[in-house]
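Below is one structure, written out as structure tokens, with a few remarks after it.
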Amino acid sequence: MLDTSSTRSDRHGHASTVAGGSAVASPVYTIGSDAAERDRLRSQSDELHEHTEALLEHVGIQRGWRVAEVACGPRGVLERLAQRVGPTGTVTGLDINPTHVTQAREHVTSLGLGNVSVIEADARQTALPASSFDLVYARFILINIPDPQAVVAEMVRLVRPGGWVACEEADGGAMLCHPPHPAYTRLNTTFRTLYLHDGADIHTGRRLPELLDAAGLLDIGVEARADVPPPGHPRRTVMLDILRAMRSKIIEQRLLHGAELDRLDRDAREHLGDPHTLVMPHLSFMAWGRKPDQPPTA
Ligand SMILES: C[S@@+](CC[C@H](N)C(=O)[O-])C[C@H]1O[C@@H](n2cnc3c(N)ncnc32)[C@H](O)[C@@H]1O
């Protein structure tokens, strides 16, 4: 991990770390992590599997590939990747949160996936060898951090020339709740304020192609999907569930008092529980790009 030899602050007041001569701001991750949030992350892998499969098809994943999943969380898509690369391929998951790493390891062990390993690492500076993967994949990390380009740059460093970088990201520019409800609207404003405060961009989904382009990738493709989960589906309440994981931040930043937050959460959930309410939690973007076979000549 990082050499924490000296620190300083950025514009958001977050300390910076100097490692091996290069300055790396200390990691900011907008969503918190508690048991409920970890459960949410574990179940979202099933909820989003169609998107993931489509993205893996776009990059033409093959048996025998060496794949890395950046910021895999407690489950991510590790088992899906392991199935696709088969026993002759390998999957390396990484996450900065040691609890997520432990849970991801337990998950792959429980499934008997001998070709999957999970390490604790910062996605911006993994210390893994350059050009050592055929595919580097990430989901729902770039939207939650202030420096997504740094993670994309590291993903590009990790992939071999000719290999693929693939990302799935939400875009909160079109979070629909119809008919509107004051509790949902208020919580949506709170959600946006929290992201803004951390320097994270809820419009990251639409920015994926430009992030991949700025990192020097070629043959960039993009697809967006607008899911409208049916009544009772867990993704209807994804914003409310994430806000629960951000409860202490909301109170610390004096955006809402605890009792007010509880009341808004209850009222918004009741509204989203109404089968007549239409919810589009976010747009889902998938983007992919290929690392040039040879470094471009100057
Ligand atoms: C919203 S979760 C998504 C988890 C998983 N990709 C999925 O889709 O289920 C984001 C994950 O990014 C991890 N994370 C945040 N900042 C990170 C960083 N700088 N390096 C590595 N992982 C990071 C968090 O610990 C968390 O597990």
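The values are calculated or read from the model by the stated rules, or taken from the named source; none is laboratory data. Just so you know, these numbers come straight off a predicted model, no measurement behind them. Note that each Cβ is placed from the backbone with ideal geometry, even for glycine, and that neighbours are counted across all protein chains shown. Surface accessibility is based on the protein's heavy atoms, side chains included, excluding ligands, DNA and RNA. Shrake-Rupley method; radii C 1.70, N 1.55, O 1.52, S 1.80 Å.
Within the stretch 129-160, the set of residues being within 22 Å of Gly86 (Cα to Cα) and either within 10 Å of the ligand (Cβ to nearest atom) or open to solvent by 10 Å² or more (accessible area, probe 1.4 Å) (or both) comprises Ser131, Ser132, Phe133, Asp134, Tyr137, Ala138, Arg139, Arg160. Across the stretch 255-298, the number of residues qualifying as part of a helix (DSSP H, G or I), of a type in the set (Asp, Glu) and either within 26 Å of the chain's Cα centre (by Cα) or under 28 Å from Glu57 (Cβ atoms) (or both) comes to 1.
Would you say Asp267 is charged (D, E, K, R) and under 23 Å from Pro182 (Cβ atoms)?
Values: charged (D, E, K, R): yes; under 23 Å from Pro182 (Cβ atoms): yes.
Taking the combined requirement at face value, the residue satisfies it.
Among the residues in the stretch 117-127, are any closer than 26 Å to His49 by Cα, away from the ligand (no atom under 14 Å from the Cβ) and open to solvent by 20 Å² or more (accessible area, probe 1.4 Å)? Yes, there is a match, as at least one residue in the stretch 117-127 is closer than 26 Å to His49 by Cα, away from the ligand (no atom under 14 Å from the Cβ) and open to solvent by 20 Å² or more (accessible area, probe 1.4 Å). Quick check on the stretch 84-104: of everything there that is over 14 Å from Ala123 (Cα atoms) and surrounded by fewer than 18 Cβ atoms within 10 Å (Cβ to Cβ), which residue is nearest to the ligand (Cβ to nearest atom)? My answer is Thr99.
Contact map, the stretch 57-77: residues that are more than 22 Å from Ala104 (Cβ to Cβ) paired with residues that are hydroxyl-bearing (Ser, Thr, Tyr) and open to solvent by 10 Å² or more (accessible area, probe 1.4 Å), Cβ distance under 7 Å, separation 6+ or inter-chain. Pairs shown: Arg63/Thr88; Gly64/Thr88. The numbered conditions (1) among the basic types (Lys, Arg); (2) within 30 Å of His203 (Cβ to Cβ); (3) in a loop (DSSP other than H, G, I, E, B) are all true for Arg63 except (2).
Condition test on Arg75, is it among the charged types (D, E, K, R) and either within 18 Å of the chain's Cα centre (by Cα) or in a loop (DSSP other than H, G, I, E, B) (or both)? Reasoning before the result, please.
Details: among the charged types (D, E, K, R): yes; either within 18 Å of the chain's Cα centre (by Cα) or in a loop (DSSP other than H, G, I, E, B) (or both): yes.
Here the answer is yes, as Arg75 does meet what is asked.
In the set (1) near the ligand (Cβ under 9 Å from one of its atoms); (2) crowded, with 21+ Cβ neighbours inside 10 Å; (3) farther than 26 Å from Val156 by Cβ; (4) not hydrophobic (A, V, I, L, M, F, W, C), His107 fails one condition alone, (1).
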